[in-house]
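Q: Here it is, the structure in full.
The values are calculated or read from the model by the stated rules, or taken from the named source; none is laboratory data. These figures come from a predicted structure and were not determined experimentally. Please note: Cβ atoms are built from the backbone with ideal geometry, for glycine as well, and neighbour counts cover all protein chains shown. With ligands, DNA and RNA removed, areas are computed over all heavy atoms of the protein, side chains included. Shrake-Rupley method; radii C 1.70, N 1.55, O 1.52, S 1.80 Å.
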Amino acid sequence: MRKIKVGDDVMVIAGKDNGKRGTVLRVIDTTHVVVENVNVAKKHQKANPNQGVAGGIMDKEMPLHVSNVGLYNPSKDGADRVGFKVLGDGRKVRVFKSDGEVVDV
């Protein structure tokens, strides 16, 4: 089970985009994540009329290492660490380390 999954609301805790929040779009090899509107770089795209691709300078979200993001905890109003807990019915769920609140419902 991963600590950060696609669709999670995360906050950047290190780097040039420190403090920004966004949603995880992709997880790459469990070590990197792509977060919506965070770590945006300019990409010079060459036009390809055969595929209908327009040319120009595009904005592209680049991957961040998972150690530089934390799962957003609404009760703490900030990033929090994530642990795991086995419930009474045998399900393994993610919990916030600060208050023990269950992330997965």
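Q: Would you say G55 is among the small types (G, A, S), loosely packed, with under 12 Cβ neighbours inside 10 Å and without any contact (Cβ under 8 Å) to a residue 12 or more places away in the chain?
A: yes
Q: Return the residues of the stretch 59-92 that are among the aliphatic types (A, V, I, L, M), at pLDDT 95 or above and either exposed (fewer than 15 other Cβ atoms within 10 Å of the Cβ) or not in a strand (DSSP E or B) (or both); say none if nothing qualifies. Give the steps one after another, and end with the answer.
A: Narrowing the stretch 59-92 to residues among the aliphatic types (A, V, I, L, M): 62, 64, 66, 69, 71, 79, 82, 86-87.
Next, from what is left, pick out any that are at pLDDT 95 or above: 62, 64, 66, 69, 71, 79, 82, 86.
Within the stretch 59-92, M62, V66, V86 qualify.
Q: Listed residues M11, M1; which is modelled with pLDDT under 95 and of a type outside the set (S, T, Y)?
A: Numbers: M11 fails: modelled with pLDDT under 95.
Exactly one of M11, M1 is modelled with pLDDT under 95 and of a type outside the set (S, T, Y), namely M1.
Q: Related question: Looking only at the stretch 93-105, count how many residues are in a loop (DSSP other than H, G, I, E, B), of a type outside the set (A, V, I, L, M) and open to solvent by less than 50 Å² (accessible area, probe 1.4 Å).
A: Going through the stretch 93-105, the residues in a loop (DSSP other than H, G, I, E, B) turn out to be 97-101, 103-105.
Pick out the ones that are also of a type outside the set (A, V, I, L, M) and you get 97-101, 104.
Subsequent filtering for residues that are open to solvent by less than 50 Å² (accessible area, probe 1.4 Å) retains 100, 104.
Qualifying residue count for the region: 2.
Q: Of all residues in the stretch 40-52, which are open to solvent by less than 90 Å² (accessible area, probe 1.4 Å) and either under 14 Å from the mean Cα position of the chain (by Cα) or in contact (Cβ under 8 Å) with a residue 12 or more places away in the chain (or both)?
A: Residues satisfying the conditions are V40, A41, K43, Q45.
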